[in-house]
1. Which condition breaks for Ala133 when tested against (1) among the hydrophobic types (A, V, I, L, M, F, W, C); (2) part of a helix (DSSP H, G or I); (3) at pLDDT 95 or above?
2. Residues of region 18-66 being among the hydroxyl-bearing types (Ser, Thr, Tyr) and at pLDDT 95 or above, which ones?
3. Just wondering, is there one or more residues in region 75-86 that are under 15 Å from the mean Cα position of the chain (by Cα) and on the phi > 0 side of the Ramachandran plot?
4. Looking only at region 58-101, count how many residues are among the charged types (D, E, K, R) and under 14 Å from Ile18 (Cβ atoms).
5. How do the pairs read when you match residues in region 1-29 that are touching a residue at least 24 places away in the same chain (Cβ under 8 Å) and over 19 Å from Asp57 (Cβ atoms) with residues anywhere that are outside any loop (DSSP other than H, G, I, E, B) and among the hydroxyl-bearing types (Ser, Thr, Tyr), using Cβ under 6 Å and keeping only pairs 6 or more apart or on different chains?
6. Would you be able to say whether some residue in region 100-107 is at pLDDT below 90 and of a type in the set (A, V, I, L, M)?
Amino acid sequence: MTERVPILRIRQVLLVSIQTDLDDQDVLLLQDDLAQAVVDSGAHGVVIDITAVEIVDSFVGRMLATIASLSRLLDAQTVLVGMRPAVAITLVELGLSLGGVRTALTLDKGLRMLEKNHAEANLGGHVPVPDSAAGA
């Protein structure tokens, strides 16, 4: 039996933390669940945390790009966080650029990226940066 990947809401961002390597069926279920969660919640952002993922194949790589495209069509930006060097190397070797998928090294940086982008969109591109965040 396939377990669904949990989708958590943090304010207006959905967090998907993938804790195991996914098979094709898991990825398809995640795609459907996440699209529905974006619509139901009205979230402006999606963070997919793949810190625990050790291996990706071409199908999973393409589906991550598809999930980001779906989210964008539903008015939510996607950030992929926690990518291991081996996963990045594999994606490059497979010729998958994940076009349109933003990345960040950590969950914190990914959340800050989404919040900044959302604030810029709402303020017409002008976002005051607090002194404490300027050096981060």
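The values are calculated or read from the model by the stated rules, or taken from the named source; none is laboratory data. Since we're looking at a predicted model, the values are computed, not measured. Don't worry about glycine lacking a Cβ; one is built from the backbone with ideal geometry, like all the others, and counts go over all protein chains shown.
1. (3)
2. Ser41
3. Yes: one or more hits.
4. 1
5. Hits for this filter: Arg9/Ser41.
6. yes
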